[in-house]
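This report concerns only the one structure given below.
Just so it is clear, none of the values below were taken in a lab; they were calculated from the coordinates. Owing to the predicted nature of the structure, the values given are computational and were not obtained by experimental measurement. Backbone-built Cβ (ideal geometry, glycine too); neighbour counts: all protein chains shown.
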Amino acid sequence: MKLKKNVATSEEGFIFNPSTGDSFSTNPIGKDILVLLKEDKSVKDIIEAICEKYDVEPAQFEKDLDDFKSQLSDYAILD
Amino acid sequence: MDMEKPTNQQRQLVIAVTALNAIDSPGPGVAVIRAIRECPDFDVRIIGLSYEALEPGIYMHDVVDKTYQIPYPSAGTDSLFGRLLHIHEIEKIDVLIPNFDAELFNFIKLRDKLKALGIHTFLPDLEQFEARDKMKLFEFGKKHGLHVPADRVIFSSRDLPSVASQMGYPMVVKGKFYDAIIANTLEQAEKAFYKIQAKWGLPIIVQEFINGTEINIAALGDGEGNAISVIPMRKLYITDKGKAWAGITLEEQSFIDLAKTFIKATKWKGGCELEVMQTSDGKSYIMEVNPRFPAWIYLTAAAGQNQPASLVKLALGEKLKPYTDYEVGKIFIRYAWDHITNIAEFQKISGTGEL
């Protein structure tokens, strides 16, 4: 799971896809995931980091991360 | 390119510009002037050329220094040339930039005569102009390997059922210069046919409907096959007339390559706008090629590639290197503003044809 190189993200969780002009907002957890994706972290690393920061079970989060990934994929911002 | 660097000596130029109708479906003139005025290399006097007394640019005195009315395109080239000759005797025009589709044919015809007077233009020749014509675009696309939706040129509404049986619904009914209406039924297609015929005459073009994301590309060709500037833009807000009220510059090499292919194939000379539809499978269809700058052309200057100022330089014989960079994510948001003037000004332009 990798963000396209030219996709811009802000500290507020705003995502801009310069290829299409689309822009999106995410909640704070989404923003944290994007930061980790930008750092080329693996899915395992992301699950660890998020479960450490937020009160969520790894199994539950893995499912949510999968949904989030599908959304990012639908919006054509994943490589 | 050192376009944005101030020079020690600004070149003094008189530049004539048409399409001052900065209305809800705006002409590009005011945006072209704004971009030219921002170029630090020029000190310009802008001469507006208008058709109607209520074109807003006429009354914007910080934009246009002096306006002259010119005859409608239907009056022909002799009448236009006579008027331009008179204006040139007073103003000594260096560069003339026409911006309306409907007037371009006459200006292209007059290109050489204007040049003999010292009035520089930077326009495509008739062959280039006609290659991108709506009525020939499909053939053009086929010849150069570009995706263009299928179309049929018709002169009678009686042809609509047979066109519809080939294309299916929805289909797009278009005027030869402007307007496009999506029709989902024969009844809607007939209504669109007559509406557009009443406004723009015959023929009518019926085009295959392509579903996708609309992208517009402003480009400037040097007449030798090089694209001096290409800026792709996606409309963020569209009016009921289909015009962009807000838009954003994009970073997408395939759009830039598409415009470069078009310019190389046609050796396009001057500004143009490619209207492109990108389908969900990533194909880019050229829906239309407008043979002049679009109304949103100031965005090119704001993003770092001042196309109108570059056109002025090309018209004056300068060789320019193609731009390579621009700012992605630059947004324009158009707004409406009630400009106040007085009856004396309206009376002057209406009565004397000058303001």
### Message
From the helices alone, meaning DSSP H stretches of at least four residues, give me the mean residue ellipticity at 222 nm for chain B, per-run term -39500 (n - 2.57), in deg cm²/dmol to the nearest 500.
### Response
-10000 deg cm²/dmol
### Query
What net charge do the residues around residue B:9 carry, taking every other residue with its C-beta under 12 Å from that of residue B:9, with Lys and Arg at +1 and Asp and Glu at -1?
-1
### Query
How large is ³J(HN,Hα) for each residue in the stretch B:18-25, as worked out from phi by the Karplus curve 6.51 cos²θ - 1.76 cosθ + 1.60 (θ = phi - 60°), to whole Hz, x for Gly and Pro?
9, 6, 8, 7, 7, 10, 5, 10
### Query
If each residue's Cβ is checked for other Cβ atoms within 10 Å, how do B:86, B:120 rank with the fewest at the top?
B:86, B:120
#### Entry: Relative contact order of chain B, pairs being alpha-carbon contacts under 8 Å that are 6 or more residues apart, as %
18
### Task
For the stretch B:176-255, run through the trypsin sites (Lys or Arg not before Pro) and keep only the ones in DSSP coil with at most 12 other Cβ atoms within 10 Å of their Cβ.
B:241
#### Entry: Fewest-first ranking of B:231, B:23, B:196, using other Cβ atoms within 10 Å as the exposure measure
B:23, B:196, B:231
### Query
Cα gyration tensor of the stretch B:214-347, axes a ≥ b ≥ c as square roots of the eigenvalues: rounded (a/c below 1.5), prolate (a/b > b/c) or oblate?
oblate
### Message
Can you list residues from other chains, or at least 5 along the same chain, whose modelled amide H is less than 5 Å from the amide H of residue B:288?
### Response
B:275
### Task
Mind putting a number on the dipole of chain B about its Cα centre? Charges go on the C-beta only, +1 for Lys and Arg and -1 for Asp and Glu, and I need it in Debye to the nearest 20.
480
### Task
Compute the separation of the alpha-carbon centres of the stretch B:15-38 and the stretch B:219-255 and state it in Å as a whole number.
17
### Surrounding net charge for residue B:272, when Lys and Arg each add one and Asp and Glu each subtract one, Cβ distance under 14 Å
-1
### Task
Hey, can you grab everything whose amide H is under 5 Å from the amide H of residue A:22? Only 5+ residues off in sequence or another chain; H modelled, so Pro and N-termini drop out.
A:17
### Task
Evaluate 2.2 N^0.38 Å with N set to the residue count of chain B, then give the Cα radius of gyration divided by it.
0.99
### Message
Under the rule a/c < 1.5 gives rounded, and otherwise a/b versus b/c splits prolate from oblate, where does the stretch B:49-133 land using the Cα gyration tensor?
### Response
prolate
### Query
Here are some pairs, B:195/B:267; B:115/B:267; B:191/B:235; B:176/B:267; which of them have Cα atoms lying more than 30 Å apart in this structure?
B:195/B:267
### Query
Among B:188, B:166, B:305, whose mean-square fluctuation peaks in a Gaussian network model of chain B (Cα, cutoff 10 Å)?
B:166
### Query
Angle between the Cα long axis of helix B:186-200 and the longest principal axis of chain B, 0 to 90 degrees, nearest 10?
20
### Message
Return the equivalent ellipsoid semi-axes of the stretch B:237-278 as a descending list in whole Å, where each equals the square root of 5 times an eigenvalue of the C-alpha gyration tensor.
### Response
23, 14, 9
### Task
Can you tell me the 0 to 90 degree angle between the C-alpha axis of helix B:77-91 and the longest principal axis of chain B, rounded to 10?
30
### Query
What is the magnitude of the charge dipole of the stretch A:8-74 about its Cα centre, with +1 placed on the Cβ of each Lys and Arg, -1 on the Cβ of each Asp and Glu, and no other charges, expressed in debye to the nearest 20?
160
### Message
Whole-Hz ³J(HN,Hα) for each residue in the stretch B:224-232, computed from phi via Karplus 6.51 cos²θ - 1.76 cosθ + 1.60 with θ = phi - 60°, x for glycine and proline: what do you get?
### Response
10, x, 9, 8, 6, 8, 9, 10, x
#### Entry: Cα long-axis angle, helix B:29-38 against chain B (0 to 90 degrees, to the nearest 10)
50
### Rounded if a/c under 1.5, otherwise prolate or oblate - the stretch B:289-349, Cα gyration tensor axes
oblate
### Query
Along the charge dipole of chain B, Cβ charges K/R +1 and D/E -1, which of B:218, B:50, B:135 sits furthest on the positive end?
B:135
### Query
At 222 nm, what helix-only mean residue ellipticity would chain A give, in deg cm²/dmol to the nearest 500, using -39500 (n - 2.57) for each DSSP H run of four or more?
-15500 deg cm²/dmol
#### Entry: Residues B:266, B:77, sorted so that the one with the fewest Cβ neighbours within 10 Å comes first
B:77, B:266
### Task
Kindly provide log₁₀ I(q)/I(0) values, in the same order as q = 0.13 Å⁻¹, from the Debye equation applied to equal alpha-carbon scatterers of the protein assembly as shown.
-1.18
### Query
Given the convex hull over the Cα atoms of chain A, what projected area results after averaging over all orientations, in nm²?
4.7
### Message
Cut-off under 30 Å on the C-alpha distance; same-chain residues fewer than 8 positions from residue A:53 excluded. Which lysines are left, in chain and number order?
### Response
A:2, A:4, A:5, A:31, A:38, A:41, A:44, A:63, A:69
### Task
Please state the charge dipole magnitude for the stretch B:150-208, taken about the Cα centre, from unit charges on C-beta atoms (+1 on K and R, -1 on D and E), reported in debye and rounded to the nearest 20.
180
### Task
Would you mind counting up the charge near residue B:75? Only other residues with Cβ under 12 Å from its Cβ, with Lys and Arg at +1 and Asp and Glu at -1.
-1
